[in-house]
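Data block below; observations after.
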Amino acid sequence: MSASKFAFCLIFVLSTDLVAQTNSVLQSGNWFKFSVSADGVVRINYDLLRTAGVNPDQIDPRNIRIFTGQPGMLPQANNKSRKIDLTEIAIQVVGEQDGRFNSNDAILFFAQGPDQYHYNIQKQIFEYENNLFTDKNFYFLTIGTEPGKRITTRQSIAGNYPVITTYQDMAYYETEKYSLLKSGRQWFGEQFDASLTATIRFEISDIAENSQVKLVSHVMAQSITPSSFTVAYNNNTILTQSINAVPNTRYGVKGNIKADTVILNSNTIGASTNLNQDIRYQFTKGSSGISVGYLDFFLLTLSRKLTMRNTQLVFRAPESIEVPVSTYEIANATAGLQVWDVTNADQVVQQEAALTSGKLNFSAPSETLRTFVVINPSQVSAPSFEGVVPNQNLRGTPAPELLIITHQSFISEAQRLAAHRQQHSGLTAGVVTVDKIYNEYAGGKQDFSAIRDFIRSYYLQSGSALKHVLLFGRGSYDYKNRVLNNSNFVPLYESRNSLSPLETYSSDDYYAFMEESEGDWFESPAQNHTLDLGVGRLPVKTIEEAKAVVDKLIEYDTQASGSWQNEILFVADDGDFNIHHSQADQLATYVEQTYPAMVTRRFFVDSYEQITKPSGQSSPAAAKALDLAVRKGSLIVNFTGHGSERVWMDERILDEVMVKDWKNKPRYPLFVTATCEFGRHDDPLQITSGELTLLQPKGGSIGLVTSARPVNSSTNFTLNRAFYEALFTKENNQYPDLGSTFQVTKNNSTSGIANRNFSLLADPSMKLALPQNEIVFDEITTAAGSSTLTGLSKIRVKGHIENSGMPVDNFNGNLILSLFDEPVTQATKGDENSPFSYSELSTVFYRGQASVTLGEFETSFVLTKNVPANSSVGTLTGYAYTNSTSASGFNNSAVGGLDDTAGSDNTPPVVKLFMGDTTFISGGIVGPSTRIVALLYDANGINITNFPEGKQIYFALDDGEPQVINDYYLADVNTDKSGVLIYPLDGLEKGNHTLTLTVSDTHNNTTIVSVPFVVTDGSRIEIEEFVNYPNPFEGLTTFEFTHTRPGEDLEVCVSIVDLAGNKILEQHYEVLASQYRVTLAEWDGRSASGSKLSRGIYVGKLSVRSLLDGSKNEQFTKLIVLN
């Protein structure tokens, strides 16, 4: 809370059955939402109804009804009682008897604030629960078709009974300003650093003489040496709170809390004689180092005289419960006051009372502690009008298979994704906004348990289909918008612990705890729950981000294909006695043994040169290699090692700059990151690099399994291993979707709170592009029929596609084949620890394509002469794909020796070299980022092996070192003679350059070609040339231009003006995935009105804008019309 507040206890009755009610009261009628911030009676008058959009002159006030939800926060435990819908409360409508709502009429009702508290009779002290989520509570007004619930009247009990003239009151103070770790639920108030003293003043009169005043004080200090707080009440020192030091370590607890209760005498501290009650906190810093104190909260319980003050008085008197009936006497009373018994806030009762000599008296039952409010009905304040509530009925809606929960800001994109899942994946999908959930399940208040209760009500439906929940929107550790530019669209679960980096967390697991015994999810001792649903989140915060992510998900399902989907990249950090290398190697080995058709790549940073600087080590070579690997594509990129919100490893081989530059569309991998905080997604003041991979519109990832807080290596590995075990386990002959995979992963890796930080930042209903069919190789031989594949021999490969042993004869698509040598044992450099040895398939003899028709394929290729002299066990892998499905397979074959019957070949390959794309002209211009594109041809095929030296495919820029790019060549479909090489080039310096490409064929004949080009600074799109042909022309002409942003989507406008400046015509085009040279549609030489242009000279203006970054440019050309 941002200011002090007074609060008073209530009793409520709840229902336990989430599915007992099948429809919501909000399903029909007109509904108007009001809010309050504190407990008390409020008044809605004629004018406020008009403000809300109600015409008071046209309603029957007797039919006015007001509803509300459960007070305070919902319970976390599934088995605890709660209201299952909005419930009607008793109200008073002044002047309703005539059936008209006149200008002097009003609606009065007792409203509860957002917080909860109660008086602990045993401890004789108030206990307070600050609402984590909101500073408002809500009430819903509707005009029904029958009379509403009204406050009834109770007579005063006749007789003489003990007289109550004092009551127990409370003052609660808490400001929420600081979240030390930006994690967890606990916020702290006043900071004691530059200033070491703070005084909080309450205006509290009529404190009873010689009564007890009880102070509960919670303070916190972040101090590496012992510190303390001294507390004074009205300048009387009453308490010293000593606080232990925190460890001066990275992951040690960052603050210690001290909680104390002190009992005081009101006279001793001057409380009875002062109107103002001053509570002063004085912080004494530790002796050295960091030492900062914070006030958490304090709570006063005190006895006050039962005297009417202001416009209303709320009271309860614990001493009254000692007798069955008590008489209450309120001093300073005036005519017109009413007394309400609000013990049951839903069923308020008006208590009859008598005014005698300025005192209001009544007698009432007092076996249980009751709460009363005394009001002046004409002077109480009004609630705030929040808005009109459209009809809704979540309870009456059957559960879909995929439930998408989103914010109203993203509803259109959430619905677009739901439609895609229905059409493409065959799932029933539903979209619901958080506001509707809050209205129906939490009385309009934000509460993460409302979301869980809503999900659970769907889960508990008879025959429920619910399988996955997608949270479509970013969450925040700040539920109450205290942080600038907060992004709390769909809240996530924040831990109770807010001070220990290794024990605080955020999680979406909470929304999948459906069992009756689950929900509390305590942290100490750790309480393990299991997920009953797949839960994922898309942490978008703008509609543009939402559209970009949905575009990627649709594209992944409908357009993405290629052998990259049959590869997993395992990236590992160095140091720490090679534990990261070892864990990544174990994971890769597990995949190789479980799914041998999958190609694994080990990317160990210790295999690359590292540079030592005063700021630490870096590895530009590793960073570049990782960048290229992501652009080239992998089904999964798995990282093991040290990381942060922004970077991987101390060497910073991945950072946000790299991520923002990725344009690997549509080769989007799933990132699995067993590292600290890379995927944090609840800090409004930063977007992590993990989030950026998902939000990038033209590249990055399709999703992440990632951590949001610091984690440790051993539990990371346990979860990482569980992920692959779940991913490769088929059910009903199908690989699981991401949600099911993550659900099983979490359930099989529970370890206290250690794995709670891991989240699925992805659509849980999507499936990774794992092949669902198998490739069977029926024949792999040389032309002579030998099963040993010899160099320079013609290799014949024949096979088919099947599923569970049955041929798939409707499979029509392409097949990508790769022939590897046996695994090669390698070792890292041993920069920080001893070299780490591992083995993997790293030598490729051939990579090509074949067509698959009716589920069968046959192809051939010449095997390079660069094979081992002695036979080794090679591996042939295949990946086949159509528009809707895919297949994979492998086969081991002997490879080695040479074919003595092979003919000679002294003809080098033919190489056509371009920059950007094949429309490039030698000497043309490019931006700082472009591509090498080469069309290669040789009668016996191209050599792509790693040896011998000088016979690989490599390039050199100007006089730079040669770089091998064998992996970027792919032979064309059904031939080994021709193919395409595409390699990305980034960071080119402005100016003139020459690129030289060296290519050899399978007989080791070599061709060297070069191409000159000019690099611009890339700050904006450059138009190199704008022409029309023919020119001069009569009839038809065609416009064409060249530019520096090939591959980008462009918005193009061509306008024609005469020499007087009059606009003749304007034509607009959208050019998707543009080439270097763009040819536009023909123009017939006519004006916008259709008339033929007169003979003469005209000016053509070309305007081009990149749809990627908005960069624009324009150029002019002269047209000669001969009409």
- Message: Quick check on this structure: which one of LEU470, LEU394, LEU369, LEU403 is buried (at least 23 other Cβ atoms within 10 Å of the Cβ), of a type in the set (A, V, I, L, M) and either closer than 30 Å to SER103 by Cβ or in contact with a Phe, Trp or Tyr (Cβ under 8 Å, 6 or more places away or on another chain) (or both)?
- Response: LEU403
- Query: Restricting attention to the range 249-270, and to residues there that are loosely packed, with under 13 Cβ neighbours inside 10 Å and hydrophobic (A, V, I, L, M, F, W, C), which single residue is nearest to ASN234 (Cα to Cα)?
  - Reply: ILE263
- Which pairs do you get when a residue that is farther than 15 Å from TYR511 by Cβ, found in the range 435-451, comes within reach of a residue that is hydroxyl-bearing (Ser, Thr, Tyr) and in a helix (DSSP H, G or I), reach meaning Cβ atoms under 8 angstrom, with the pair 6+ apart or on two chains? GLY444/TYR438; LYS445/TYR438
- Spot the failing condition for ILE121; the list is (1) surrounded by fewer than 20 Cβ atoms within 10 Å (Cβ to Cβ); (2) under 19 Å from PRO383 (Cβ atoms); (3) touching a Pro at 6+ places or on another chain (Cβ under 8 Å), and only one is missed. (2)
- Got a sec? Which of ALA894, ALA880 is more than 30 Å from LEU854 (Cβ to Cβ) and small (Gly, Ala, Ser)? ALA894
- Task: Kindly indicate whether ALA597 is touching a Gly at 6+ places or on another chain (Cβ under 7 Å) and among the small types (Gly, Ala, Ser).
- Result: yes
- Would you be able to tell me the number of residues in the range 860-872 that are surrounded by fewer than 22 Cβ atoms within 10 Å (Cβ to Cβ) and touching an Asp or Glu at 6+ places or on another chain (Cβ under 8 Å)? 3
- Task: Being closer than 23 Å to LEU761 by Cβ and touching a Lys or Arg at 6+ places or on another chain (Cβ under 8 Å) is the filter here, so list the residues in the range 455-471 that pass it.
- Result: LEU470, LEU471
- Looking at ALA198, is it modelled with pLDDT of 95 or more, among the small types (Gly, Ala, Ser) and either under 28 Å from PHE372 (Cα atoms) or under 34 Å from the mean Cα position of the chain (by Cα) (or both)? no
- Message: If I filter the range 455-462 for residues that are in contact with a helix residue (DSSP H, G or I) (Cβ under 7 Å, 6 or more places away or on another chain) and of a type outside the set (S, T, N, Q), do I get at least one hit?
- Response: yes
- Hey, any hits in the range 461-471 for a residue that's part of a helix (DSSP H, G or I) and either modelled with pLDDT under 95 or more than 17 Å from GLY739 (Cα to Cα) (or both)? no
- Looking only at residues in the range 688-740 that are over 30 Å from LEU180 (Cα atoms), of a type in the set (Ser, Thr, Tyr) and touching a residue at least 24 places away in the same chain (Cβ under 8 Å), which one is surrounded by the most Cβ atoms within 10 Å (Cβ to Cβ)? SER701
- Message: I'd like the residue in the range 472-524 that is of a type outside the set (Phe, Trp, Tyr) and outside any loop (DSSP other than H, G, I, E, B) and, out of all such residues, is farthest from MET766 (Cα to Cα).
- Response: GLU523
- From SER303, SER357, SER378, SER288, grab the single residue that is small (Gly, Ala, Ser) and closer than 30 Å to THR87 by Cα. SER378
- Message: For the range 832-856, give me the residue count where each residue is closer than 25 Å to GLY896 by Cβ and free of Cβ contacts under 8 Å to residues at least 60 places away in the same chain.
- Response: 2
- Task: Could you tell me which residue of the range 879-928 is surrounded by the most Cβ atoms within 10 Å (Cβ to Cβ), considering only residues that are polar (S, T, N, Q) and out of contact with any strand residue (DSSP E or B) (no Cβ under 7 Å at 6 or more places or on another chain)?
- Result: THR907
- Query: Filter the range 1072-1123 for residues that are under 29 Å from ALA548 (Cα atoms) and either among the basic types (Lys, Arg) or over 49 Å from the mean Cα position of the chain (by Cα) (or both); which is surrounded by the fewest Cβ atoms within 10 Å (Cβ to Cβ)?
  - Reply: LYS1112
- Take LYS660 and decide whether it is surrounded by fewer than 21 Cβ atoms within 10 Å (Cβ to Cβ), under 21 Å from the mean Cα position of the chain (by Cα), of a type in the set (Lys, Arg) and assigned by TED's automatic domain parsing to the domain that holds GLY616. yes
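The values are calculated or read from the model by the stated rules, or taken from the named source; none is laboratory data. Everything numeric in this text was worked out from a predicted model, so none of it was measured. Glycine gets a Cβ as well: all are built from the backbone with ideal geometry, and neighbour counts include every protein chain shown.
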